[in-house]
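Let me begin by presenting the structure, written as structure tokens, before commenting on it.
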Amino acid sequence: MDIRRVFPALVLALVAGGCSSGELSLTEYADEVEDLVAEMEAGFVELDTDWLSEPPSVDRAQEYWDGRLQIRFDFLEGVESLRPPDEVVAMHEDSVAVFTKITDADLVLRARVDQYEAIDDHWQWVDTPEGRAADAVLAEVYEFCRESQEEFDATKERGQLEDTPWIPSEMKEVVSVAFGCPPSD
């Protein structure tokens, strides 16, 4: 696992949010999460590209980590602002918890960067106790992403109920999302 590319595909964000008010349908909710994940992923790609474009330095590493944390905070805020439908409230709460955990791990890595007097490698912090701890949290994020994707993929089976008039529409809703979760090792 590579701490530099915490995509979320982290995605897992999937179910990120707050308390349910049922304001969003399952499809709307999944679409919102998918958009948040895509925005986060694009931010990390842009940040990493910029970081790798020049030799590393302590000042640039601090700027890199400030940018990384801003992406994390924006993502978490976006997820927390969502109002999931009742059927995914637990998943949503789990997503907020796992994304808070990876954000906290990144905060610890940012503090580690402040301790460096020199940076010789773009990813110098990866092979540190803080980097390994963040990598372990990232593994949890990826697992949550894959589990969330599976839950949404399972809604495809509901399509068989589409022509059954007495079943409520929310029980027939099929959700198609692609969170971009990395495959399991």
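Among (1) out of contact with any His (no Cβ under 7 Å at 6 or more places or on another chain); (2) of a type outside the set (S, T, N, Q); (3) surrounded by 19 or more Cβ atoms within 10 Å (Cβ to Cβ); (4) more than 19 Å from L47 (Cβ to Cβ), where does R146 come up short?
(3)
Based on what the data block shows, is P56 crowded, with 16+ Cβ neighbours inside 10 Å, over 16 Å from E147 (Cβ atoms) and at pLDDT 95 or above?
Spelling it out, P56 is indeed crowded, with 16+ Cβ neighbours inside 10 Å, over 16 Å from E147 (Cβ atoms) and at pLDDT 95 or above.
Taking the condition within 18 Å of F44 (Cα to Cα) and modelled with pLDDT under 95, does G180 pass?
Judged against the criteria, G180 is a match.
Please determine, by comparing only the residues of the stretch 68-87 that are over 16 Å from the mean Cα position of the chain (by Cα) and in a helix (DSSP H, G or I), which one is surrounded by the fewest Cβ atoms within 10 Å (Cβ to Cβ).
D86
In the stretch 113-139, what residues are of a type in the set (A, V, I, L, M) and within 26 Å of the chain's Cα centre (by Cα)?
The answer is V113, V126, A133, A134, A136, V137, L138, A139.
Among the residues of the stretch 113-130, which ones are farther than 18 Å from I71 by Cβ and part of a helix (DSSP H, G or I)?
D114, P129, E130
The values are calculated or read from the model by the stated rules, or taken from the named source; none is laboratory data. Since we're looking at a predicted model, the values are computed, not measured. Virtual Cβ from ideal backbone geometry, glycine too; neighbours counted across all protein chains shown.
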